[in-house]
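The structure under discussion appears below in the form of structure tokens.
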Amino acid sequence: MAALDRLVDVLGSLGTHLSCAPRGRDVELRGVALHDPAEQTPAAPDDVLLGLGTPSVAAAVRLVSTTSAAAVVLHGTPPLDERVVAASRKSGAAVLLVDPSVPWGQVASVAQTLVLGGPRSGDLFALADVIAGVVGGPVTIEDQQSRVLAYSYRQQDVDPVRIQTILGRRVPEEARRALDEFGVFTHLASTDEPIFVPRLTPQLGSRLVAAVRAGRELLGSVWVEVNGEVDRTRTAALMDGARTAALHLLRARASTDLERQAEADLVISLLESPTPATLTRLGLPAADLRVIAVQAHVGEGEHGAALLAFQRATAGFGWSRPGRSALFGNVLYTVIASADDAVDWVRSLTRELPAETVVQAGIGGPADCASLPTSRQEADECLALSAGEPVVYDQAWAQVLLRRLAAAADGGRLPTRGPVADLIRHDTENGTQYAVTLRAWLAAQGDARAAARELNVHPNTLRYRMQKMSEATDLPLDDPEQRLAMAIALSITLNR
């Protein structure tokens, strides 16, 4: 089951346009039907009907006006013919136009995966109840990061760790370390055979645990709280339950991947060629936006960590999330609707990643729709400055400016003659420290004592150097414009 609004968002990546929706975008879809002109097979009131065999406007009008389906998908390009719009109002069916270059097979695959095979958390909770009844103990179904996906209704008389796990939606870190030291996660990674875990701490009772796996890939695990060793029949039942859980998780992933791709395509479009319509489709306001650029690394592996960050950023697809994200190369871009939330969002994302992950982030300046590409450029430049903590453009604009000037200098646009170039050349040839001395003097606004403290030399030493520097080149220290230019040139040159 999926709402029409959700289907529109996902099919949007295939060039689909919602042309009219007489009953609104919240209509629930529970089935997918294919139009067959020869058979005239009726569609159910909650079906989305794929309008194959409608080569003309007249055929589309007949189909839309007589169908009982909730929505009809037609090949075509906007705007929708007014005769079809009138037919839509008559029947109440929404009409979606999909680009004629998109094959019907691809449209059907996406629609069926979303409407028929989408994640239904209730199913996973029901499965947890079934496993609990057969194996004989409270159940949780968890993902690879020990986050709770579902749990059985029966949770009476459970140990403190189970209570914390359900309330916090994640296994407490202390309990996870104890399980890791016992070898539970190593076991799950290598075999489907359930493992019995005895009481490891006063708060962590015994468990029977089985891997949830698709082929060789570990998707998660099923945990049953038990009082002791269980017989082979109950162990076999747990393995059957784990295999069923794998089907649920694969089905959920298929739907979520489609949604992530649809969202990512819209975000990339927004960052490159922003339009108010794209903002609306993403559920974002028209102003007070920020672009966040994130890179994640685990050792030398950046792409795997970046993909994991993207998955975490888009977990729980829906407009309740604060941002809309896309993975572009190895950079995760997120457009967020509140400037105040940007740093907190990065820190929350970091907490969702493995502890060994190194996260760098840059946050662009405030933007409306038209200036989002500028905010993205600022986010990229702040990302380059990040050494752990998120770098925000509002506080780092001066460093961003100097980096831009340094980039211009690298392109051969920094003057190779003048007082700064002369001092650097003199230092290279004679082993002096005139360039750093001038930078300190300029930073101290001519205060010789403050500059000397910065350089850790005597004020007389600094004054002597300043005198010798004036002999090596013309130093126009009385001209404020020249002082500014020398300060910028020194900052760029000495920080390369």
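The values are calculated or read from the model by the stated rules, or taken from the named source; none is laboratory data. Only a predicted model underlies this, so the values are computations on that prediction, with no experimental measurement involved. All Cβ positions, glycine included, derive from the backbone under ideal geometry; neighbour counts span all protein chains shown. These accessible areas exclude ligands, DNA and RNA; they are computed on the full protein's heavy atoms, side chains included. Shrake-Rupley method; radii C 1.70, N 1.55, O 1.52, S 1.80 Å.
Which angle from 0 to 90°, rounded to the nearest 10, does the C-alpha axis of helix 393-408 make with the longest principal axis of the chain? Approximately 70 degrees, to the nearest ten.
Between the beta carbons of Trp104 and Tyr153, assuming R0 = 56 Å, the FRET efficiency works out to 0.85 to the nearest 0.05. For segment 87-232, the percent of C-alpha pairs falling in each 10 Å distance bin, counted from 0 to the bin holding the largest distance, reads 10, 34, 25, 11, 11, 7, 1. Extents of segment 350-403, largest first, come to 36, 26, 14 Å (Cα atoms, principal axes, whole angstrom). First compute the accessible area of the chain with a 1.4 Å probe, then give the percent of it belonging to carbon and sulfur atoms. Answer for the chain: carbon and sulfur cover 51 percent of the accessible area. The residues of the chain expose on average 49 square angstrom of accessible surface per residue, using a 1.4 Å probe on protein heavy atoms. In the assembled protein chains, Phe196 presents an accessible area of approximately 50 Å² (probe radius 1.4 Å).
Decide, for segment 193-296, between rounded, prolate and oblate: order the square roots of the alpha carbon gyration tensor eigenvalues as a ≥ b ≥ c, take rounded if a/c falls under 1.5, and otherwise choose prolate if a/b is larger than b/c, else oblate. Since a/c reaches 1.5 and a/b is larger than b/c, the shape of segment 193-296 is classed as prolate. Counting every pair of alpha carbons in segment 154-230, the share spaced more than 18 Å apart comes to 39 percent. A Förster radius of 30 Å, combined with the Cβ-Cβ distance separating Asp380 from Gln145, puts the computed FRET efficiency at roughly 0.55. May I ask for the angle, rounded to the nearest 10°, between helix 121-131 and the longest principal axis of the chain, with both axes built from Cα atoms and the value confined to 0 to 90°? Helix 121-131 sits roughly 70 degrees off the main axis of the chain. Kirkwood radius and radius of gyration were both taken over the C-alpha atoms of segment 357-496, and their ratio Rg/Rh is 1.07. Ranked by solvent-accessible area (1.4 Å probe, protein heavy atoms only, all chains present), the residues Met486, Met239 order from largest to smallest as Met239, Met486.
To the nearest 10 degrees, how steeply does helix 372-385 sit against the main Cα axis of the chain, on a 0 to 90 scale? Approximately 60 degrees, to the nearest 10. Ordered from highest to lowest accessible area with the whole protein assembly present and a 1.4 Å probe, Tyr333, Tyr393 read as Tyr393, Tyr333. Entry note, the chain: the mean residue ellipticity at 222 nm calculated from DSSP H runs of n ≥ 4, each adding -39500 (n - 2.57), is -15000 deg cm²/dmol after division by the residues and rounding to the nearest 500.
Taking a ≥ b ≥ c as the square roots of the eigenvalues of the Cα gyration tensor, the chain is classed as oblate, since a/c reaches at least 1.5 and a/b does not exceed b/c.
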